[in-house]
Amino acid sequence: MKCSECQEDAVIRVARRGKNYCANHFRRYFLAQVGGVLNKYRIEGEVAVGVSGGKDSASCLEALTHFRRVEVVPFHIDLGIGGYSRESLKHARKLAKKLGLELNTVDLKEEYGVTIPELERRGRGRICGLCGTIKRYLINRFAHENGLDYIATGRNLSDVVSSMFNNLANVYLTPFRGLEPYLEEMREFKLVGRIRPLYYLKDEECLVYAETNGIPFHRDVCPFSSGSPANKLKDWLHELDSKNPGILRNFARSFMRIEERMGRNREEMRGCERCGYATATRICRFCRIIDR
Ligand code: SF4
Ligand code: ZN
Ligand code: ZN
């Protein structure tokens, strides 16, 4: 397979565009997708980037360093998930060092006296839901306390669409709010603006970008992710997209339109009585999880 733009061997086919790309031309394509998100929402300034050590957040952090308008600040949370978390931290450090950046870390056990496996053993709710709440809360808090302009996460197109299908499967419609690549800040509730630079890129594209650009990342899978319905949906969606190139993007676009029609949820927000950060209830979900 040859690159559609030059004579080099191709490393990936982007079927949606009907093109094969060599490593160089794929980098241009990938960075153009990231740049498209930054341009559309006029993002510039200091960006806290959540780095888990996996391929997506590693690609996200590295890709953002190509744009002078943003200054990236890597942030890692040690979730205390045994060997998985040790590998995650090791690779997040390796990546930050390679990029000449200082890695900021929070250790859940040290700071809040609890690990994800401990929460799982207590059996209060779906663990990935709790873990997601903790991660979102801590990176927002980090960015707010350090006066940073934005938060960026490595959530890609495959993640966004599969999790929306998972929500539909569970008749859970609240997350239709905040589906766009950019969610604006609400400083009155200490909510920092959030961007998803990989919003238009699929799993495979993030993997090939990391592999062909020498970006350190680990391939371990969190022990709590196995057999999750969202992962099964992701496999199904990828299969669908391979037969109907571009369908994942169209799903994302449709979800955004649904969000527009639902309108924003500002009036329901308030400050948590414990920590002061944004919540729709008296005590925010993070404080409730930690209190338990
Ligand atoms: Fe957390 Fe679930 Fe991801 Fe594991 S798979 S890191 S528990 S959200
Ligand atoms: Zn080429
Ligand atoms: Zn709180």
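Which is farthest toward the positive dipole end of the range 211-279 among 225, 262, 242, measuring Cα position about the Cα centre, with Cβ charges +1 (Lys, Arg) and -1 (Asp, Glu)?
In the range 211-279, that residue is 262.
Show me the trypsin sites (Lys or Arg not before Pro) within the range 172-253 that DSSP assigns to loop and that have at most 16 other Cβ atoms within 10 Å of their Cβ.
177, 219
Dipole of the range 157-292, Cα-centred, from +1 at each Lys and Arg C-beta and -1 at each Asp and Glu C-beta, to the nearest 20 debye?
Rounded to the nearest 20 debye, it is 520 debye.
Compute the Cα gyration tensor for the range 1-103, then decide on rounded, prolate or oblate, letting a ≥ b ≥ c be the square roots of its eigenvalues: rounded whenever a/c is under 1.5, prolate when a/b is larger than b/c in the other cases, and oblate in all that remain.
oblate
Considering the dipole of the chain built from charges on the beta carbon (Lys and Arg +1, Asp and Glu -1) around the Cα centre, which of 171, 271, 76 is farthest to its positive end?
The Cα lying farthest towards the positive end belongs to 171.
Could you work out the equivalent-ellipsoid semi-axes for the chain, taking the square root of 5 times each eigenvalue of the Cα gyration tensor, largest first, in whole Å?
Ellipsoid half-lengths, sorted descending, are 30, 22, 20 Å.
Treating only the Cβ of Lys, Arg, Asp and Glu as charged (+1, +1, -1, -1), what charge dipole size does the range 128-229 show about its Cα centre? Round to the nearest 20 debye.
The dipole magnitude comes to about 300 debye.
With a 1.4 Å probe and every protein chain left in place, tell me how much accessible area residue 239 has, in Å² to the nearest 10.
100
As a check on your grasp of the helix formula, calculate [θ] at 222 nm for the chain: sum -39500 (n - 2.57) over DSSP H runs of n ≥ 4, divide by the residue count, round to the nearest 500.
-14500 deg cm²/dmol
Which far-off residues, 5 or more places away or on another chain, put their amide H under 5 Å from the one on residue 51, with H placed in the peptide plane?
75, 76, 77
Any idea of residue 66's accessible area? Nearest 10 Å², probe 1.4 Å.
Residue 66 has an accessible surface of roughly 90 Å² with all protein chains in place.
Can you bin the range 48-159 into rounded, prolate or oblate? Criterion: square roots of the alpha carbon gyration tensor eigenvalues sorted a ≥ b ≥ c, rounded for a/c under 1.5, prolate for a/b above b/c, oblate for the rest.
Prolate, because a/c is 1.5 or more and a/b exceeds b/c.
Quick one: angle between helix 55-64 and the longest Cα principal axis of the chain, in degrees between 0 and 90, rounded to 10, please.
Rounded to the nearest ten degrees, it is 80.
Just to verify a number: what accessible area does residue 281 come out at with the full protein assembly present, 1.4 Å probe, Å² rounded to tens?
Result for residue 281: roughly 60 Å² accessible.
Relative contact order (percent) for the chain, with alpha-carbon contacts under 8 angstrom and 6 or more residues of separation?
Dividing the mean separation by the residue count of the chain yields 21 percent.
For the chain, set up a GNM with springs between Cα atoms under 10 Å and report which of 222, 131, 275 has the largest fluctuation.
Most flexible of the set in this elastic network: 275.
Rounded, prolate or oblate: which fits the range 101-231 when a ≥ b ≥ c are the square roots of the eigenvalues of the alpha-carbon gyration tensor, with rounded for a/c under 1.5 and prolate only if a/b beats b/c?
Taking the square roots of the gyration eigenvalues as a ≥ b ≥ c, the range 101-231 is rounded.
Taking the alpha-carbon centroid of each part, what is the distance from the range 1-74 to the range 194-223 in angstrom?
10
Roughly what % of DSSP beta bridges within the chain run antiparallel, to the nearest 5?
Bridges in the chain are about 35 percent antiparallel.
Under 14 Å from the Cβ of residue 215, count the other residues' Cβ atoms, weight Lys and Arg +1, Asp and Glu -1, and hand me the total.
On the way: positive: 27, 55, 93, 94, 97, 98, 219; negative: 56, 62, 205, 211.
Result for the local shell: +3.
Where does helix 229-243 land angle-wise versus the long Cα axis of the chain, in degrees 0 to 90, nearest 10?
20
Using Cα atoms only, what is the angle between the long axis of helix 82-98 and the major principal axis of the chain, expressed in degrees (0 to 90) to the nearest 10?
60
What does the charge add up to near residue 70, with Lys and Arg as +1, Asp and Glu as -1, over the other residues with Cβ less than 10 Å from its Cβ? Before the final figure, lay out each step's value.
Values: positive: 68, 69; negative: 44, 46, 71, 149.
So the surrounding residues net to -2.
Out of the total accessible area of the range 23-156 (probe 1.4 Å, heavy atoms of protein only), what percent is carbon and sulfur?
Result for the range 23-156: 44 percent of the exposed heavy-atom area is carbon or sulfur.
How big is the dipole moment of the chain about its Cα centre under a simple scheme where the beta carbon of each Lys and Arg is +1, that of each Asp and Glu is -1, and everything else is neutral? Debye, nearest 20, please.
Here the chain has a charge dipole of around 500 debye.
Give me the 1.4 Å probe accessible area per residue for the range 178-256, excluding ligands and nucleic acids, in Å².
Accessible area per residue, the range 178-256: 46 Å².
Put +1 on the Cβ of each Lys and Arg and -1 on the Cβ of each Asp and Glu in the range 15-106; which of 63, 96, 24 then has its Cα farthest toward the positive end of the dipole?
Among 63, 96, 24, the one farthest towards the positive end of the dipole of the range 15-106 is 24.
The values are calculated or read from the model by the stated rules, or taken from the named source; none is laboratory data. Because the structure is predicted, anything quoted here is derived from the model rather than measured. Glycine gets a Cβ as well: all are built from the backbone with ideal geometry, and neighbour counts include every protein chain shown. SASA here: full protein model, heavy atoms, side chains in, ligands and nucleic acids out. Shrake-Rupley method; radii C 1.70, N 1.55, O 1.52, S 1.80 Å.
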